[in-house]
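Q: Take a look at the following structure, please.
Readers should treat all values here as calculations from the given coordinates under stated rules, not as data from a laboratory. This one's a predicted model, so the numbers in the text were calculated from it and none came from an experiment. Here the Cβ positions follow ideal geometry from the backbone for every residue, glycine too, while neighbour counts run over all protein chains shown.
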Amino acid sequence: MRRPIVVGNWKMHGSRAENARLIEELGGHYPRNPAADCVICPPLVYVQEIGRLLRDTPIRLGAQDVCADTHGAFTGEVSAAMLKDVGCEYTIVGHSERRLLYRESDQLVARKFAAAHSKGLIPILCVGEQLSERDSGRTAEVVSRQLDAVLELCGVETLGQSVVAYEPVWAIGTGRTATPEQAQEVHAAIRARIGARDAKIAGATRILYGGSVKASNAAELFSMADVDGGLIGGASLKADEFLAILKAAG
Ligand code: 13P
C-alpha cells in the first residue's frame, strides 16, 4: 500500500510575513495523524525559517532544486548536503520550469537526482510533456526518455527511494488540468517503465500528479489507481485550498 503524499511547490512566491501567516493557518488546521504525507518546498532563502515554523507540525521540508555537484566554485548554487544541513528532507529535481527556462537537460536532471539521493534527500523527479508533444502523440516517448535518464544513471533501486511527479507542461498554471483518465494513463506507463526493471519497486514508487490541482478536482484525480498524491503549485499558497487537497489525498 503506497502512502499518499502531497507536495506544495511555492515556486518564487511569498515573503516572511506571508509565509508566517500561511504556515500558521496550515498548522492550526492540520490533522494530528494525517493519512497523507505533506511536504512544503518554499523558495530557498526561506527554507530555514519555514523549517523552524514547521517544527511542531507533521509537515516536512523540501527544496525546489539542487546543484548536481557536491561543492566548489559554483556561484549561486546550493548543494544537497547544504539542503540537508538546514533541515530539508526532500528536493524537487527536473521541474519543467527549470528544464525549459534554464535549459536543464535530462542528463543534468539525472545528476541532480543522484546528488540529492547520495546525501540522503528524497528526490521528487518531475517529468512531463509539452502541449506540442502531446498533440503529436509523443507523451509516452518524452516521459520515458526523462525517466530513463535517471534509471540509467542511478539505477532502479534509487528510483524506488524517490518520488516521481507527472506534470504535463500544458496543465501547469493554466487552469487546464489533465483529466483523471489522462493522468492515470501516463502514471500507469511510468509505473510500467519502472516495472520493466523491477516490479516490486514499481509497485512501491509513489507517483504524483501536478498541474492545476485544486480542492475541486483533487479527489477525482487522486482516486485513480496509479495517482498517489499531488505536486501543487498555485493552490499550495492558499491554506484552505491546500488543506482540502491534503484531505482529498488522505
Ligand atoms: P500549478 O498547480 O500552479 O498548476 O503548478 C503545478 C506545478 O508546477 C507544481 O510543481
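Q: Using the count of nearby Cβ atoms within 10 Å as a rough guide to exposure, how do His71, His95, His117, His29 rank from fewest to most? Could the numbers behind the result be given before it?
A: Values: His71 10, His95 27, His117 22, His29 13.
Fewest-to-most Cβ neighbours within 10 Å comes out as His71, His29, His117, His95.
Q: Nearest-5 percent of antiparallel DSSP beta bridges in the chain?
A: Working: 0 of 27 bridges.
Just about 0 percent of them are antiparallel.
Q: Considering lysine pairs in the chain that are 8 or more places apart or on different chains, how many have Cα atoms under 16 Å apart? Intermediate results must be reported in sequence, preceding the final value.
A: Values: Lys11/Lys238; Lys84/Lys112; Lys84/Lys119; Lys214/Lys238; Lys214/Lys247; Lys238/Lys247.
Close lysine pairs under the 16 Å cut-off: 6.
Q: Still on this model: Roughly speaking, what is the stretch gain from Ala204 to Ser15, that is 0.36 nm per residue apart minus the C-alpha to C-alpha distance, in nm to one decimal? Please report the intermediate quantities before stating the final value.
A: Details: separation 189, 0.36 × 189 = 68.04 nm, distance 3.67 nm.
Value of the extension gain: 64.4 nm.
Q: Only Lys, Arg, Asp and Glu count, each charged at its Cβ (+1, +1, -1, -1), so figure out the dipole size of the chain about its Cα centre, rounded to 20 debye. Could the numbers behind the result be given before it?
A: Details: 28 positive and 30 negative charges, 66 e Å.
That gives a dipole near 320 debye.
Q: At 222 nm, what helix-only mean residue ellipticity would the chain give, in deg cm²/dmol to the nearest 500, using -39500 (n - 2.57) for each DSSP H run of four or more? Spell out each step's value before the answer.
A: On the way: 12 runs with 113 residues, N = 250.
Here the helix-only value at 222 nm equals -13000 deg cm²/dmol.
Q: Please give the FRET efficiency for Glu220 paired with Ala188, using the beta carbon to beta carbon distance and R0 = 22 Å, rounded to the nearest 0.05. Intermediate values should be presented prior to the final figure.
A: Values: r = 17 Å, r/R0 = 0.76.
The value I calculate is 0.85.
Q: Which longest run of the chain has no exposed loop site in it, a site being trypsin sites (Lys or Arg not before Pro) in a DSSP loop with at most 11 other beta carbons within 10 Å, and the site itself not part of the run?
A: Working: sites that count: Arg32, Arg55, Arg103.
Longest site-free region, per DSSP loop and neighbour criteria: 104-250.
Q: In which sequence would Glu167, Glu97 go, from the one with the fewest C-beta neighbours within 10 Å to the one with the most?
A: Values: Glu167 26, Glu97 20.
Result, fewest neighbours first: Glu97, Glu167.
Q: Sticking with this structure for a sec: Can you give the FRET efficiency for Asp85 and Arg145, using 1/(1 + (r/R0)^6), R0 = 51 Å, r = Cβ-Cβ distance, to the nearest 0.05? Let's see the in-between values first.
A: On the way: r = 33 Å, r/R0 = 0.65.
Taking R0 as 51 Å, the efficiency between Asp85 and Arg145 is 0.95.
Q: Could you check the simple spin-label distance between Thr57 and Thr174, using points 7 Å along Cα→Cβ, in nm with one decimal?
A: It works out to 3.1 nm between the two label points.
Q: Summing Lys, Arg as +1 and Asp, Glu as -1, what charge do residues with Cβ under 13 Å from the Cβ of Arg16 carry, Arg16 excluded? List each step's numbers first, then the result.
A: Working: positive: Arg21, Arg52; negative: Glu18, Glu24, Glu49.
It works out to a net charge of -1.
Q: State the Cα centre-to-centre distance between region 185-231 and region 112-135 in whole Å.
A: Cα centres, region 185-231 to region 112-135: 14 Å.
Q: Return the FRET efficiency for the residue pair Arg2, Arg103: r is the Cβ-Cβ distance, R0 is 30 Å, and the value is rounded to the nearest 0.05.
A: Efficiency at R0 = 30 Å is approximately 0.35.
Q: Output wanted: per-residue J couplings in Hz (rounded whole) for region 163-174, from phi through Karplus 6.51 cos²θ - 1.76 cosθ + 1.60, θ = phi - 60°, x for Gly and Pro.
A: Per residue, the Karplus-derived 3J(HN,Hα) values read 10, 10, 10, 8, 10, x, 4, 5, 9, 7, x, 9 Hz.
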